[in-house]
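What follows is a set of notes on a single structure, which appears directly below.
The values are calculated or read from the model by the stated rules, or taken from the named source; none is laboratory data. Note that the structure is a prediction, hence the values are computed from the model and not measured. Every residue, glycine as well, gets a Cβ built from its backbone with ideal geometry; the counts of neighbours run over all protein chains shown. What goes into the accessible areas is simple: the full protein's heavy atoms, side chains included, and nothing from ligands, DNA or RNA. Shrake-Rupley method; radii C 1.70, N 1.55, O 1.52, S 1.80 Å.
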Amino acid sequence: MVRVFVDFDGTITRPDVGDAMFERFGGKQCSDAVEDYRKGSISAVECYRRESAACGTMDKSVLDSFLDSQEIDETFIAFVAFCCDRSLELTIVSDGMDYYIKRILDRHGLGDVKFYSNHLALVPVNGSAQIRFEPSFPYTDEVCDRCACCKRNHILTHSADEDIVVYVGEGYSDRCPARYADAVFAKDELLKYCMEENISYFEYRTFADVEERLRALLDNPGKRPALRKRRRAALARREAFIAE
Ligand SMILES: [Mg+2]
């Protein structure tokens, strides 16, 4: 079976909604936290805790209308239908927050797409219309703290030995899962990483590109490049699985 794992922020959405949201409501303290995280001096969980605290209290309606103004790559909608038609198992894996992922998917009629992410509770403040953020992290890895929601573990849990793993991403949190995928679709920061690390990849800009390429790979199985296991990725999955 072909399993397609897709990043959310910057891949399905045009901007990084998480970054934009924290910066909009938490300002400079949030960009400082992200900088510390990028330098490696704090974990992803610590970064999110600091960002959430920095946001203080806000009107839920202001938050919601901010989220409703975030654009997605509209070709993702057809891509979901394509995966369904071809029986490709589609899963979103995100190191962002479920509150905005769910809201954005619902707004585009994609509420049925399965996703894994961190959890963001909106806690009412003193019975007013104001809320504050309370993040929690159900999918951390025991050893690695570079991400809060471990995408690698989701790939390991939701794929079998005989599966072909496809990954679509663009940024920092996609570097690790790309190493475990048989076919990587990359743009921006992830593309540079794949080049540096000698991970073969398909370049894309939109999900229409991903769909076109996957269609060609599925319809011409004998032709090269073929949709098949990447030896290094299959080995990495097996080794990680044994180590768990
Ligand atoms: Mg991203």
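Some observations on this one:
- Fraction of antiparallel bridges per DSSP, the range 1-138 only, in percent to nearest 5: 55
- Annotation: the antiparallel percentage among DSSP beta bridges lying fully within the chain is about 35.
- Residues of the range 158-191 falling in the label zone of R231, defined by backbone nitrogen less than 19 Å from a point 7 Å along Cα to beta-carbon, are 162-165, 179-184.
- Restricted to Cα atoms, the chain shows a radius of gyration and a Dmax of 18.3, 64 angstrom.
- Here the label points at R38 and V123, each 7 Å from Cα along the C-beta direction, are separated by 3.0 nm in the simple model.
- Computed over protein heavy atoms with a 1.4 Å probe, the carbon and sulfur contribution to the accessible area of the chain reaches 48%.
- Cα-based shape type of the range 155-244, given that a ≥ b ≥ c are square roots of the gyration tensor eigenvalues and the cut on a/c is 1.5: oblate
- Helix-only [θ]222 nm of the chain, DSSP H runs n ≥ 4, -39500 (n - 2.57) each, per residue, nearest 500: -13000 deg cm²/dmol
- Sites I77 and E46 - FRET efficiency at Förster radius 45 Å, r taken between beta-carbons, to 0.05: 0.80
- Acute angle (nearest 10 degrees) that the helix 207-219 long axis makes with the longest principal axis of the chain, alpha-carbon atoms: 30
- Residue-normalised accessible area of the chain, given per residue in Å² at a 1.4 Å probe: 49
- In nm, spacing of pseudo-spin labels at N220 and S87 (7 Å Cα→C-beta vector): 2.4
- Residue ranges 201-208, 113-120 sort as 113-120, 201-208 when ordered by packing (mean number of other C-beta atoms within 10 Å per residue, highest first).
- Put a dot 7 Å past the Cα of N198, heading toward its Cβ, do the same for D59, and the two dots end up 5.7 nm apart.
- Candidate lysines - alpha carbon under 18 Å from K28, same-chain residues fewer than 8 apart omitted: K39
- Calculated SAXS-style log₁₀ I(q)/I(0) at q = 0.24 Å⁻¹ - the range 80-155, Debye, Cα scatterers: -1.10
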